[in-house]
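Each remark here refers to the structure printed beneath this line.
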Amino acid sequence: MGVDMVELKDIDRKPVRPKPQDPGGMTLILLVRDIAAALAPLKKAGVPVITPGGEPIAFGQNNAARGVIVTDPDGHFVELLQLAQLPETNAPADSNIVGARVRVTVADTERAMRVYRDVLHFQPQIGSFGTIPLLDLMGLKGAELRLTNAQFPGSALRMEFVELKGVPGTPIKPRLQDPGATRLQVRVRDLDATMAGLKSAGSTVVSSGGQPVALRGNVRAAIMPDADGLFFVLIGAPPQ
């Protein structure tokens with residue numbers, strides 16, 4: 001998994017500052033060996049902590065797992081998560097970060113799955129509404145949350161989708177250039193078929209001219225948003 005940070009200039013921009021319950025908000029989940037060591041430099045730098053109390057919350061069996069959520073300078077959420085058992089990892093022994101996941105807040109799970117399951121062929125495990133410790137991390141005690149897990153096809157990346165009720169949320173619907181907008185790069189075998197599927201689910205192409213753009217090596221790519229405002233950067237797999 002890689003992370004690209006894109007800065008634009010000479011164009012109108014409006015920062016996106018979602019609340020944890022706002023559809024379209026994204027959380028980068030970092031799995032760490034030592035959550036206290038990971039959080040300390042962030043607090044020293046004045047990074048805002050979303051989790052009530054400003055400290056990690058213990059949860060799970062025997063309260064062996066711990067988590068805390070902060071925000072980066074552009075409004076993305078970053079969760080530090082120390083699991084009860086260290087996951088399998090190829091990270092260097094001196095790296096505190098040992099893995100990562102991505103979580104997206106959605107307005108309607110079934111609508112979102114019409115894209116991720118039916119078009120992109122994720123195999124989601126869709127949960128039911130209830131109360132889980134994640135609500136405490138998000139500072140949304142009293143709300144209900146529906147959690148869906150899915151493995152990204154062809155990748156070790158796990159994605160989570162959360163739908164909330166009992167707390168007001170406002171869809172963020174950013175433009176591509178707005179700080180805080182999120183892009184998910186997806187490599188596909190058949191770009192035209194994927195674009196057609198997303199169009200049938202209500203999406204549009206925001207790339208210039210509404211058409212794929214040729215990148216280096218004649219690789220074609222296009223950008224299209226999902227229903228909650230996350231942008232797919234669709235990259236056609238190069239010829240064999």
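The values are calculated or read from the model by the stated rules, or taken from the named source; none is laboratory data. Note that the coordinates shown come from a computational prediction; the quantities given were computed from them, not determined experimentally. As a convention, Cβ positions derive from the backbone with ideal geometry for all residues, glycine included, and neighbour counts pool all protein chains shown.
Looking at 120, 191, 135, which is the one that is assigned by TED's automatic domain parsing to the domain that holds residue 54 and closer than 17 Å to residue 226 by Cβ? Only one candidate passes the filter, namely 120. The strands (runs of 3 or more DSSP E) falling completely within the stretch 123-229 that include 2 or more residues that are over 20 Å from residue 29 (Cα atoms) map to 183-188, 220-225.
Looking across the stretch 142-173, the residues that are surrounded by fewer than 17 Cβ atoms within 10 Å (Cβ to Cβ), out of contact with any Pro (no Cβ under 8 Å at 6 or more places or on another chain) and free of Cβ contacts under 8 Å to residues at least 60 places away in the same chain come down to 142, 144, 151, 153, 154, 158, 165, 166. Filtering the stretch 15-34 to residues that are surrounded by fewer than 20 Cβ atoms within 10 Å (Cβ to Cβ), not in a strand (DSSP E or B) and not acidic (Asp, Glu) leaves 15, 17, 19, 33.
Identify all residues within the stretch 124-139 that are more than 22 Å from residue 78 (Cβ to Cβ) and under 17 Å from the mean Cα position of the chain (by Cα); write none if there are none. Before the answer, list the steps.
Of the stretch 124-139, the ones more than 22 Å from residue 78 (Cβ to Cβ) are 124-131.
Across the stretch 124-139, the qualifying residues are 124, 125, 126.
Among the residues of the stretch 78-95, are any part of a loop (DSSP other than H, G, I, E, B) and under 18 Å from the mean Cα position of the chain (by Cα)? No. All told, residue 29 meets the bar of being within 30 Å of residue 166 (Cα to Cα), touching a residue at least 24 places away in the same chain (Cβ under 8 Å) and touching a Lys or Arg at 6+ places or on another chain (Cβ under 9 Å). Among the residues of the stretch 142-186, those identified as farther than 20 Å from residue 121 by Cβ and polar (S, T, N, Q) are 170, 177, 182.
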